[in-house]
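See structure below.
The values are calculated or read from the model by the stated rules, or taken from the named source; none is laboratory data. Note that this is a predicted model, so its numbers are computed, not measured. Backbone-built Cβ (ideal geometry, glycine too); neighbour counts: all protein chains shown.
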Amino acid sequence: MREYRPRHLGVLAAGIVLLGLTAGPTSAMAPSASDAVRQALDSASALGSRELSRPQRLQALRTMAHTLVDTRAMGIRAIGTGLEGRPQAQREEFLDLFDELIVRSYLQKLLLFRNPEFRFSQEAARGDVVIVHTEVVTPKDSYDVTYEMHQVDGRWLARNIFVEGVSLMSSYSTQFEGLLRDRSFDDLLDLMRRKVDGFRNRDAA
């Protein structure tokens, strides 16, 4: 894989500035973790070439993204102890908002390129996690993307993604931790709602 190049972090930063803040066994026929990533990326590439409205494209991307990323598990890991003692309704709202934000602000930037080429290195197992290293090559640029894949009900799903060595989950976690030191969980939900509403209003314009 290529040497770390900081200029590519702009792609990641566009996604991780979430709130505008400074502060089981499978059968032999089942696909490998690399196969699962490849299939999702191929689907995203095909989606990028289709003639769809922005809302249609976003909905298709969100459906496709759930075949690659376990956004619920990622949200739980990112918020850490922040969900402890919260009413179930608040927990579910947080996870729903996190899912929409991560798809809108990050995954659509990562997955919807025109004519990308995806290169794969040999996957590596670390306990029950399989690491899938990829390189996204576009006509203008290229950068490394690594997926931490876990088996969930017989499927491979990513619970963390690294872009140029920077962890998406850890970036969100740092933002949540910093905010909850000084503000309430209700404040966090309100910021997330407003961010989602901003995306929705832009789509409706």
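Would you check if R159 is assigned to a strand (DSSP E or B) and of a type in the set (D, E, K, R)?
Yes, satisfied.
Which of the residues belonging to segment 166-184 are closer than 14 Å to I76 by Cα and either surrounded by fewer than 18 Cβ atoms within 10 Å (Cβ to Cβ) or among the small types (G, A, S) (or both)?
Scanning segment 166-184 gives S170, S171, S173, T174, E177.
Suppose we keep only residues that are exposed (fewer than 12 other Cβ atoms within 10 Å of the Cβ) and part of a loop (DSSP other than H, G, I, E, B) within segment 100-139. Which one would you say is modelled with the lowest pLDDT?
So, considering only residues that are exposed (fewer than 12 other Cβ atoms within 10 Å of the Cβ) and part of a loop (DSSP other than H, G, I, E, B), the one modelled with the lowest pLDDT is R114.
I'm trying to understand the selection: among the residues of segment 74-103, which are under 11 Å from the mean Cα position of the chain (by Cα) and farther than 19 Å from L179 by Cβ?
Correct list: V103 only.
Among the residues of segment 162-194, write down those that are polar (S, T, N, Q) and part of a helix (DSSP H, G or I).
S170, S171, S173, T174, Q175
Sort out which residues of segment 67-82 are under 25 Å from D190 (Cα atoms) and surrounded by fewer than 17 Cβ atoms within 10 Å (Cβ to Cβ), and write them in order of number.
R77, G80, T81
When you go through (1) in contact with a Ser or Thr (Cβ under 9 Å, 6 or more places away or on another chain); (2) surrounded by 13 or more Cβ atoms within 10 Å (Cβ to Cβ); (3) at pLDDT below 95 one by one for W156, which number turns out not to apply?
It fails just one condition, (3).
What pairs can you find where one residue is in segment 167-193 and small (G, A, S), the other is in a helix (DSSP H, G or I), and their Cβ atoms are less than 6 Å apart, with a gap of 6+ or different chains?
S171/I16; S173/A78
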